[in-house]
Amino acid sequence: MTPISLLIHAPEPDALARARNNARNLLKAAPDARCEIVVNAAAVAAALEHPDPETDALLRICGNTLARTGRSAPEGLTVVTAAVLHLAERQRDGWQYMRA
């Protein structure tokens, strides 16, 4: 069976907290799943200010939001050019979408 590929979209701080919990639960139940948490808008600041070693490797930080807010992501976090583009490309490639 093909492993699950899930995008969890988190545009707000509360959504980021839910997305991190959802990702943990998914990977606990289906260890072979692929999971990314796509973070944009206000959730970017929350991701940068409240790191989570267990889920930070899953984050895909919106480069547009970083540029708009004059911030940068620390080494180790993955930055994508635009959250909207990353979401569209992954869905085109067969990933499932969930908004946290």
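Bear in mind these aren't lab numbers, they're just calculated from the coordinates by the rules spelled out. This structure is a prediction, so every number in the text was calculated from the model and none was measured. Glycine also receives a Cβ, built like all others from the backbone with ideal geometry; neighbour counts cover every protein chain displayed.
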Compute the length gained on full extension between T78 and D32: take 0.36 nm times their separation in residues and subtract their Cα-Cα distance, giving the result in nm to one decimal.
14.5 nm
Residue among A67, A19, A47 with the largest mean-square fluctuation in a Gaussian network model of the chain, springs linking Cα atoms under 10 Å:
A67
Cα gyration tensor, region 5-99 - rounded (a/c under 1.5), prolate or oblate
oblate
Taking the Cα-to-Cβ direction at S5 and at D56 and moving 7 Å from each Cα, how far apart do the two end points lie in nm?
2.7
Mean residue ellipticity (222 nm) of the chain, computed from DSSP H runs ≥ 4 via -39,500 (n - 2.57), nearest 500
-12500 deg cm²/dmol
